[in-house]
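Accompanying notes for the structure given below.
The values are calculated or read from the model by the stated rules, or taken from the named source; none is laboratory data. Computed from a predicted structure; not experimentally measured. The protein model used for the area step is the full one, side chains on, heavy atoms only, and it has no ligands, DNA or RNA in it. Shrake-Rupley method; radii C 1.70, N 1.55, O 1.52, S 1.80 Å.
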Amino acid sequence: MLPNTLFMGQQLFFLPVCKSTNSEAQQLLLKNEATEGCVVLTDEQTHGRGQRGNTWEAAPGKNITLSVILSPVFLAVRHQFHLNMAVSLAVHDLLREQGLGQARVKWPNDLYFGDRKLGGILIENTVTSQSIQHSIVGIGLNVNQLHFGIGTATSLATEVGTQLDVKRLVNRLLELLEKRYLELRSGRIDKLKYEYLQALYRYQEEHGYQIGSEQVRGRIMGVDEGGRLALEIDGGLRYFAFKEISYLIGS
């Protein structure tokens, strides 16, 4: 059954096993076989990619692993983080609907419950000098997996205490993603940014961070137009790109 959407997920490719849904989506783009909102969905991803080149651990058939092809040509390259906000909020919306009201978006693209990771997002953009031509939005969300190789991961089933219908959740995620994407397309940036900040992990709380060889205490105060994290340290504001800062979890 397809989601109740205008275009998101109306074209869907299901692959029982694949190396990476983002890579498969890229091939569809190269072959000119994908319409906007096209989804590549798999039960088992053998070489999933995450931020900073990390791999993504997911047990076969128990989680959401998909990629969506979008064409946000309305977005200037300098505003590409606005798409990150919209996508992150869509996944956050889904978690809230499932009873995880305390779930948070960990900058730039992870979903956390407490100090444990529920899911991750990887957005790969094809850009011209002026705008974004295509975006491949990869989403991994732990749903029914109960055991992980690392102690910093969790799942919906673990937190809500029951197994969930993965197919139904996929459809609902695509509906929420379309809603947020249409907000982005209609220029509701202030609304998206406000809600993103309200959902942001550690927002305006003091915690520990690693910056190069230095450990600091600071407060996350926001995100600038380029997607850099604004951290208040010793009364001053400093900005960090994706790989320039890491979180000290539990501090």
(request) Would you point out the residue of segment 152-178, among those that are of a type in the set (Val, Ile, Thr) and within 15 Å of Leu41 (Cα to Cα), that is least open to solvent (accessible area, probe 1.4 Å)? (result) Val170
(request) Answer yes if at least one residue in segment 116-132 is assigned to a loop (DSSP other than H, G, I, E, B), of a type in the set (Asp, Glu) and either closer than 15 Å to Leu200 by Cα or in the same structural domain as Leu28 (by the TED database) (or both), and no otherwise. (result) no
(message) Anything in segment 128-175 that is modelled with pLDDT under 95 and within 28 Å of Phe7 (Cα to Cα)? List them, or say none.
(response) Thr128, Ser129, Gln130, Ser131
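So that you can scan it fast, the table gives a plain yes or no per residue for (1) more than 17 Å from the chain's Cα centre (by Cα); (2) part of a strand (DSSP E or B); (3) among the hydroxyl-bearing types (Ser, Thr, Tyr):
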{"residue": "Phe148", "(1), (2), (3)": "yes, no, no"}
{"residue": "Ala157", "(1), (2), (3)": "yes, no, no"}
{"residue": "Lys167", "(1), (2), (3)": "yes, no, no"}
{"residue": "Val170", "(1), (2), (3)": "no, no, no"}
{"residue": "Leu173", "(1), (2), (3)": "no, no, no"}
{"residue": "Tyr181", "(1), (2), (3)": "no, no, yes"}
{"residue": "Ile220", "(1), (2), (3)": "yes, yes, no"}
{"residue": "Tyr239", "(1), (2), (3)": "yes, yes, yes"}
{"residue": "Lys243", "(1), (2), (3)": "no, no, no"}
